[in-house]
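Some notes on the structure that comes next.
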Amino acid sequence: MAPVSDDPTAAAIAKLEADGAAAATVASFAGQLQRLAAGDLGMLAESELEAVTDLPDAERLEVDSQLIAALLDQTVVIKLNGGLGTSMGLAGPKSLLEVKDGLSFLDITARQIEALRAKHGGARLPLVLLNSFRTREPSLAALASHGQLSGDLPADFLQGRVPKLVDDGSFAPVAWPADPELEWSPPGHGDIYPALVGSGMLEQMLGAGYRYAFVANADNLGAVLDPAILCWIAAEQAPFVIEVADRTAADRKGGHIARRADGTLVLREIAQTPDQDLEAFADTERHRYFNTNSIWLDLQALGAALGDDGVIDLPMIVNRKTVDPSDEDSVPVVQLESAIGAAIAVIPGAKAIRVPRSRFLPVKTTDDLLVLRSDAYELGADGQIALAAACAGRAPLAELDGDYFRLIEEFEARFAHGAPSLAAAERLTVKGDVSFGERVTVSGAVTVEAAAGESLQVEDGATLSG
């Protein structure tokens, strides 16, 4: 039920209800609004936290060959598939972007699922997508070519959306007649919990005999279900596990785990960090582990934690933006979000596990895409992505000029003949309007720069070394 009319948050809740949101989504949003109105900005101060220094190591785990087939038969793979890749200029689902050997993220994920089923006695192991309204239709159409990967479950369920709020203290829902779609924002992947309940998906999973779920971003090809971790979770009876990896300088802005004084693990994002603590947040020696956003859930324990209303009291993330992100002069708004991994702080017995960096292989920019498309990585018949032996254990870096390569259309035009060979490269930096011919090889650390106002063509068969 919506709050009474004199509640300053009532209009936002009424707007969400009128949009047809499930009761669990409305209840979760209402709880966040109440905290926001009370002045809670979801901050996690450094003084309240302790560093995490030691965790179980996934690389030391072994598969229980007697149990794994039965465990896989009780496990669902959920891919977070709501993103459109707008930062790269994509108009459709990011997961349909060609990423390796002519295959998309979803194609490779399907190959991974099929290989695991075949290896482990034909276990059910369904693949289910958490879609947005914009990604649903094209993603399901693309997956249809791989057969019924969701098995005895629906192929997907939908994430919600919530109103953007005017950032003037009233927290009224913003009105933007020029483009009403901009009045809404995604609530973050923490929305998976009310979405599981509101869609009926959690009830269906439990009713069909599924006990575990492995949840990961659709654009992270390193996030493949690891049977050894599943066996460990079952043995530990862990209700919730978050995969974390060693932080490097490149991960200073990414969310990290820490521990409260009472021993509870928490996930802290940079938007939850007070200004005076930003230096400590970025200290990779103190806060050693970053969140890969790969999560394991015991569905029975999750059902108990969510209760009948489907609400789990996740730490809130308050993002301040403008209603039109492309117009800095448009109305300032607050967007309320939550992170799926934040449940580590509210589910009793939740754990974290250290995983190798190879399990974190996202594509956030065309820089990432170039390296993954190159010969620095190899795609196996089982869908596993591995660093090529020639790289000697170190992935090359690409730094492409954002003015010419940020958008996928620009990127494809300048690499019309495919990615150069990067297996022997340490770093490729490209500045200015540069296009690459076919069979280009990069060795060592190389910078290619076009003069201002001019274009540069790297010739076919060129070898660039530095």
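The values are calculated or read from the model by the stated rules, or taken from the named source; none is laboratory data. Note that the structure is predicted; figures quoted are calculated from it, not measured. Don't worry about glycine lacking a Cβ; one is built from the backbone with ideal geometry, like all the others, and counts go over all protein chains shown.
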- Task: Return the pairs, sorted by first residue and then second, in which the second residue is assigned to a loop (DSSP other than H, G, I, E, B) and of a type in the set (Gly, Ala, Ser), the first residue lies in region 251-263 and is assigned by TED's automatic domain parsing to the domain that holds GLU50, the beta carbons are less than 7 Å apart, and the residues are 6+ apart or on different chains.
- Result: ARG252/ALA282; GLY255/ALA339; ALA258/ALA51
- Query: Since GLY85 meets every condition but one in (1) surrounded by 17 or more Cβ atoms within 10 Å (Cβ to Cβ); (2) at pLDDT below 95; (3) touching a strand residue (DSSP E or B) at 6+ places or on another chain (Cβ under 8 Å), which condition does it not meet?
  - Reply: (3)
- Message: ALA395 - would you say it is outside the structural domain of GLY254 (by TED's automatic domain parsing) and out of contact with any Ser or Thr (no Cβ under 7 Å at 6 or more places or on another chain)?
- Response: yes
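A quick yes/no check of all residues on (1) aromatic (Phe, Trp, Tyr); (2) in a helix (DSSP H, G or I):
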| site | (1), (2) |
| --- | --- |
| GLU243 | no, no |
| GLY254 | no, no |
| VAL266 | no, no |
| TRP296 | yes, no |
| GLN300 | no, yes |
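Out of everything in region 173-219 that is polar (S, T, N, Q) and either crowded, with 22+ Cβ neighbours inside 10 Å or at pLDDT below 95 (or both), what residue ends up being nearest to ARG373 (Cα to Cα)?
Step by step, filter region 173-219, then rank; the result is ASN217.
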- Sort out which residues of region 32-70 are in a loop (DSSP other than H, G, I, E, B) and in contact with a Lys or Arg (Cβ under 8 Å, 6 or more places away or on another chain), and write them in order of number. GLY42, LEU44, ALA51, VAL52, THR53, LEU55, PRO56
- Message: Given the options ALA2, ALA21, ALA91, name the one that is of a type in the set (Gly, Ala, Ser), loosely packed, with under 14 Cβ neighbours inside 10 Å, assigned to a loop (DSSP other than H, G, I, E, B) and at pLDDT below 95.
- Response: ALA91
- Task: Could you identify the single residue in ALA350, ALA280, ALA305, ALA339 that is of a type in the set (A, V, I, L, M), at pLDDT 95 or above, within 30 Å of ALA213 (Cβ to Cβ) and assigned by TED's automatic domain parsing to the domain that holds GLY160?
- Result: ALA350
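Working only within region 98-155, note down all residues that are under 22 Å from THR366 (Cβ atoms) and hydroxyl-bearing (Ser, Thr, Tyr). Walk me through how you get there before you give the answer.
Going through region 98-155, the residues under 22 Å from THR366 (Cβ atoms) turn out to be 98-109, 134-135, 138-139, 142.
Answer for region 98-155, where residues must be under 22 Å from THR366 (Cβ atoms) and hydroxyl-bearing (Ser, Thr, Tyr): SER104, THR109, THR135, SER139.
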- Conditions: (1) more than 24 Å from THR264 (Cβ to Cβ); (2) crowded, with 22+ Cβ neighbours inside 10 Å. MET316 meets all but one. Number of the miss? (1)
- Within region 111-141, the count of residues that are touching a residue at least 40 places away in the same chain (Cβ under 8 Å), among the small types (Gly, Ala, Ser) and within 28 Å of ARG161 (Cβ to Cβ) comes to 2
- Message: For region 133-160, which positions are surrounded by fewer than 21 Cβ atoms within 10 Å (Cβ to Cβ), in contact with a strand residue (DSSP E or B) (Cβ under 8 Å, 6 or more places away or on another chain) and more than 18 Å from GLU203 (Cα to Cα)?
- Response: PHE133, ARG136, LEU140, ALA142
